[in-house]
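Structure first, then comments.
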Amino acid sequence: MRIDIITIFPDYFTPLELSLIGKARRSGLLDIRLHDLRSWTYDRHHTVDDTPYGGGPGMVMKPEPWGEALDAVVGPEPAAVPRLILPTPSGVPFTQRHAGRLAGEPWLVFACGRYEGIDSRVAVDAGRRMPVEELSIGDYVLAGGESATLVMVETISRLLPGVLGNAESAEQDSFAPGAMDDLVEGPVYTKPAEWRGQEVPPVLLSGHHGAVDRWRRDEALRKTARNRPDLLRRIDPEVLDRRDREV
Ligand SMILES: Nc1c(O)cccc1[N+](=O)[O-]
């Protein structure tokens, strides 16, 4: 997978050189390219923003640098068309399902807005030559799209075949489709079996895989009911088997 990130703060993405994603980049599984938006400005101050039409606080990112940056990154006649992701608080809530779908894309371009956002004509212009998605990682205010892009790139990249050391761990993640559909993960434990008066639940030491799976699902249901009752309400009652209802 190729991922292009356009930003005025390329150094923000140094963390993508570390850990699993850094390893995936070095192995060629993942091709992440960073682009400084100011490369497409020509004034002395490399201006990327201006006052909003209609008045109001803050500044809006100018369309010209973005238009030229996207033209340059995507190219005049690309062999493949990328999907443009616009991280924004006004976007569609980004979920694990989005991550799974986007992990199947060959090429993503992330446009990191700052200030009050990017001139809205940029998304319309880009939409004439590639799919555009406005996505939000949460209902809070960030200083820009870089943090959100880091979150989405990590969530998507870890689902690429070969990136995770043990493919199964993605299947047992919170929100993972299938066995964990819409449930958050329950408690996890490792050695020692007893620590500060707390013992690991005996079922996890039993070697009985069926009982362990059942226990983990029961605990996931309990934690979801406690922390995310909104998710439980989303699950079709028919999906929950009889034991789930007893939890
Ligand atoms: N919340 C927020 C923001 O304030 C700025 C850019 C992107 C996001 N977001 O994706 O959630």
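A few points about this structure:
- Three-way shape call for region 53-170 based on the alpha-carbon gyration tensor, with the a/c threshold at 1.5: oblate
- Among the trypsin sites (Lys or Arg not before Pro) found in region 121-154, those both in a DSSP coil and sparsely packed, with 12 or fewer other Cβ atoms within 10 Å of their Cβ, are Arg128.
- Cross-link partners of Lys191 among lysines (Cα-Cα below 27 Å; sequence separation of 8 or more within a chain): Lys223
- Across the chain, the volume of the C-alpha convex hull divided among the residues equals 189 Å³ per residue.
- Highest-MSF residue in the chain out of Trp40, Trp66, Trp215 [GNM, Cα springs under 10 Å]: Trp215
- Calculated FRET efficiency for the pair Lys23/Ala211, C-beta based, R₀ 41 Å, to 0.05: 0.70
- Amide H to amide H distances under 5 Å link Ile118 with Met61, where only residues 5 or more positions off or on other chains count and H is placed in the peptide plane.
- Once you reduce region 45-84 and region 13-34 to the center of their Cα atoms, the two points are 25 Å from each other.
- Burial ranking of peptide ranges 67-77, 84-94, 187-197 (average Cβ count within 10 Å, highest at the top): 84-94, 67-77, 187-197
- Taking Ala123, Ala143, Ala99 in turn, the Gaussian network model of the chain (Cα-Cα springs below 10 Å) assigns the largest fluctuation to Ala143.
- Across the options Tyr42, Trp107, Val60, the greatest Cα extent toward the positive end of the charge dipole of the chain (unit charges at beta carbon of Lys, Arg, Asp, Glu) belongs to Trp107.
- Between Arg228 and any residue 5 or more places off or on another chain, the built amide H atoms are never under 5 Å apart.
- The stretch between Ala143 and Arg2 holds 48.2 nm of extra length on full extension. This uses 0.36 nm per residue minus the Cα-Cα distance.
- In this structure, the amide hydrogen of Asp49, modeled 1.01 Å from its nitrogen in the peptide plane, lies closer than 5 angstrom to those of Lys62, counting only residues at least 5 positions away or on a different chain.
Bear in mind that the values in this text are calculations on the coordinates, not laboratory data. Owing to the predicted nature of the structure, the values given are computational and were not obtained by experimental measurement. Because the Cβ atoms are built from the backbone with ideal geometry, glycine has one as well, and the counts that use them run over all protein chains shown.
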